[in-house]
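Report on one structure; see the data block that follows.
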Amino acid sequence: MKEFFIKLGNNEIYKKLMKEPITYVAGAVLLAVFQIAHFAIFQHGWGVSTTFAHWGAWLFQAMGGNVNHWSFFADEKTQATLANGLIQDGGTIRNLGIILGALIATLYASQFKIKKIKSIKQIIAAVIGGLLMGYGARMAMGCNIGALFTSIASFSLSGWIFGAFLLVGAFFGSKLLAKYFM
């Protein structure tokens with residue numbers, strides 16, 4: 001069995017697919033193909049952040065809360081999603097697949113590292129950044145996948161506007177990060 005893995009590791013096709021990073025063009029083509037396949041199969045665009053809102057609602061309900069009268073969760077489709085449960089939600093399966101796929105890709109590339117936290121400022125910056133990104137994704141009714149990638153693929157002007165403001169936010173965010181948290 002050990003010989004098989006040694007042979008596999010020396011195989012040129014294996015090295016090309018699993019060890020070397022793909023080009024930006026290949027990544028863009030793969031994203032476009034997956035976007036088209038997703039739309040053809042599910043009849044709607046790809047999204048990520050709405051599922052995180054559902055996860056929060058399921059967690060809140062598990063702790064005894066009730067989100068049924070909150071405007072975001074009030075429509076029939078969302079109520080059905082919450083009633084069906086976490087594992088029955090396609091968005092949950094896709095998000096878990098993204099997380100697992102990223103872990104596997106990192107392991108294949110031998111890039112997995114647990115890094116030491118340098119200071120409390122890093123934790124504060126990460127928490128504030130994560131909260132702002134989550135809040136922004138809900139206010140925009142989508143993250144960079146739903147509001148940018150899916151919108152642009154659907155020929156929507158809103159995707160280009162979102163992209164422009166994403167660049168502005170990234171510029172100012174990086175300046176604030178460098179000034180106050182590095």
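The values are calculated or read from the model by the stated rules, or taken from the named source; none is laboratory data. Just so you know, these numbers come straight off a predicted model, no measurement behind them. Reconstructed Cβ throughout: ideal geometry from the backbone, glycine too, with neighbour counts over all protein chains shown. Heavy atoms of the whole protein, side chains included, go into the accessibility calculation; ligands, DNA and RNA do not. Shrake-Rupley method; radii C 1.70, N 1.55, O 1.52, S 1.80 Å.
Overview of values
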item	result
Among (1) under 20 Å from the mean Cα position of the chain (by Cα); (2) open to solvent by 80 Å² or more (accessible area, probe 1.4 Å), the one test that G97 misses	(2)
Unique residue being over 22 Å from G134 (Cα atoms), surrounded by fewer than 10 Cβ atoms within 10 Å (Cβ to Cβ) and under 24 Å from the mean Cα position of the chain (by Cα) when the list is V33, V25	V25
Among the candidates A83, A28, residue that is part of a helix (DSSP H, G or I) and more than 26 Å from N144 (Cα to Cα)	A83
Residue list for segment 48-70, restricted to those being of a type in the set (V, I, T), part of a loop (DSSP other than H, G, I, E, B) and at pLDDT below 90	V48
Top-ranked residue of segment 130-182 - restricted to ones that are free of Cβ contacts under 8 Å to residues at least 60 places away in the same chain and charged (D, E, K, R), ranked as most open to solvent (accessible area, probe 1.4 Å)	K179
Matching residues, segment 51-80, being in contact with a Phe, Trp or Tyr (Cβ under 9 Å, 6 or more places away or on another chain) and either closer than 19 Å to G134 by Cα or surrounded by 11 or more Cβ atoms within 10 Å (Cβ to Cβ) (or both)	A53, H54, A57, V67, T78, Q79
Enumeration of residues in segment 32-47 that are among the small types (G, A, S) and part of a helix (DSSP H, G or I)	A32, A37, A40
Where a residue in segment 24-35 is touching a residue at least 40 places away in the same chain (Cβ under 8 Å) and its partner, wherever it lies, is open to solvent by less than 40 Å² (accessible area, probe 1.4 Å) and part of a helix (DSSP H, G or I), with Cβ under 8 Å and at least six apart	Q35/T150
Residue in segment 113-122 that is modelled with the highest pLDDT, counting only those that are part of a helix (DSSP H, G or I) and either open to solvent by less than 90 Å² (accessible area, probe 1.4 Å) or β-branched (V, I, T) (or both)	I120
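Residues are listed down the side, and each one gets a yes or a no for (1) closer than 24 Å to L59 by Cβ; (2) assigned to a helix (DSSP H, G or I):
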{"site": "Q88", "(1), (2)": "yes, no"}
{"site": "I98", "(1), (2)": "yes, yes"}
{"site": "A102", "(1), (2)": "yes, yes"}
{"site": "Q111", "(1), (2)": "no, no"}
{"site": "I124", "(1), (2)": "yes, yes"}
{"site": "M133", "(1), (2)": "yes, yes"}
{"site": "G142", "(1), (2)": "yes, no"}
